[in-house]
1. Which one of ALA126, ALA185 is in contact with a Gly (Cβ under 8 Å, 6 or more places away or on another chain) and part of a helix (DSSP H, G or I)?
2. Which one is farthest from ARG268 (Cα to Cα) among residues in region 213-242 that are open to solvent by 20 Å² or more (accessible area, probe 1.4 Å) and in contact (Cβ under 8 Å) with a residue 60 or more places away in the chain?
3. Quick one: in region 1-28, of everything that is open to solvent by less than 20 Å² (accessible area, probe 1.4 Å) and either assigned to a loop (DSSP other than H, G, I, E, B) or of a type in the set (Lys, Arg) (or both), which residue is modelled with the lowest pLDDT?
4. Across region 79-123, what is the number of residues that are assigned to a helix (DSSP H, G or I), of a type outside the set (Gly, Ala, Ser) and open to solvent by 50 Å² or more (accessible area, probe 1.4 Å)?
5. Modelled with pLDDT of 95 or more, hydrophobic (A, V, I, L, M, F, W, C) and either outside any loop (DSSP other than H, G, I, E, B) or surrounded by fewer than 23 Cβ atoms within 10 Å (Cβ to Cβ) (or both): does that describe ALA272?
6. Do we find that GLU76 is buried (at least 16 other Cβ atoms within 10 Å of the Cβ), assigned to a loop (DSSP other than H, G, I, E, B) and not hydrophobic (A, V, I, L, M, F, W, C) in this structure?
Amino acid sequence: MSTAEQAVVIWGEVLWDRFPDGAKLGGAPANVAWHLGLAGGWARLVSRVGDDDDGRRALAVLGEVCDVSLVQIDRERATGEVEVTVEAGEPRYRLVPDRAWERIACTDDVRAALAEASVFVYGTLAERTPEGLAGWAAAIDAARATCVTVCDLNLRKTVHAKMATEIERALAAADVVKVNDAELAQLATWYEWRDPIGALRDGRRVVAITHGANGSTLYGEHGAIHIAGVRAHGGGDNVGCGDAYLAILVHGMTLGWDLERCGRAASRWAAAVAAVRGATPHFTDAQVDELLALEAA
């Protein structure tokens, strides 16, 4: 993993986050694709949207920074949406069910893209339906031969213990795993792990544990690296910060950066996202350069 031209295929939901004051484009994998593309990476999004105005608008917006040619159009189901409220700075979500993203397929075009990619990023929310799980399973099988596999856990309140088997399968397929503190605790409860970090690290290249404003801890081949949190300016929210962090972590890895530099850049970028409303802000070229600069580390 060492060149900027390596493709990163990102699998999962595209959603419109419906805030009280308006809609913002979201969905964790779409957010990852947005930030990776904005940072200069080659992000190829695999998702599914409806044949509707929301779907066309999502593709137009995402297409500004990433490759959306692998996004499928569903003629029967509408584009995904989620009702968002923000309580004490933390987002709360209510998913609208039976939407297009819940049945993403592993098409021939997706298989071809995976054969040429170096990284495959996926979440866990899109595997919650039988159709979604089947599509992801076919994709992960296709990705194994060529890609570093990255699991970005997403344990929203709509993800219950009955999905523990599917989530365990997603974790088992990953070379790199990113979770936050609450998700780590939930995994430890489900699987009765006495040493949850040790369980996640077993056989994996990198494990990233995010601690919100308190930074993150990266576990790699040389042990643990603590990454300090970066203070965010007021006026924003925490929606999409973890997705932004993962995007820059992966981007740095594809560029051949050491793990500490990846983590510091990811922390700065996530703080910049926290300073604005919504998960997919625009940054100028100058802002991107400053956030990614080596001397800023």
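1. Numbers: ALA185 fails: in contact with a Gly (Cβ under 8 Å, 6 or more places away or on another chain).
Among ALA126, ALA185, only ALA126 is in contact with a Gly (Cβ under 8 Å, 6 or more places away or on another chain) and part of a helix (DSSP H, G or I).
2. Top of the filtered list is ASN238.
3. Of all residues in region 1-28, those open to solvent by less than 20 Å² (accessible area, probe 1.4 Å) come to 7-17, 19, 25-28.
Within this subset, residues satisfying the condition of being either assigned to a loop (DSSP other than H, G, I, E, B) or of a type in the set (Lys, Arg) (or both) are 12-14, 27.
Details: GLY12: 98, GLU13: 97, VAL14: 96, GLY27: 92.
Restricting to residues being open to solvent by less than 20 Å² (accessible area, probe 1.4 Å) and either assigned to a loop (DSSP other than H, G, I, E, B) or of a type in the set (Lys, Arg) (or both), the top hit is GLY27.
4. Here is the first cut: in region 79-123, the residues assigned to a helix (DSSP H, G or I) are 100-103, 108-116.
Next, from what is left, pick out any that are of a type outside the set (Gly, Ala, Ser): 101-103, 108-111, 114, 116.
Filter once more, keeping what is open to solvent by 50 Å² or more (accessible area, probe 1.4 Å): 108-109, 111, 116.
So the answer is 4.
5. In short, no.
6. Numbers: buried (at least 16 other Cβ atoms within 10 Å of the Cβ): no; assigned to a loop (DSSP other than H, G, I, E, B): yes; not hydrophobic (A, V, I, L, M, F, W, C): yes.
The answer is no for GLU76.
The values are calculated or read from the model by the stated rules, or taken from the named source; none is laboratory data. Predicted model only: the values in this text are computed from it and were never measured. Note that we place each Cβ from the backbone using ideal geometry, even for glycine, and neighbour counts take in every protein chain shown. Heavy atoms of the whole protein, side chains included, go into the accessibility calculation; ligands, DNA and RNA do not. Shrake-Rupley method; radii C 1.70, N 1.55, O 1.52, S 1.80 Å.
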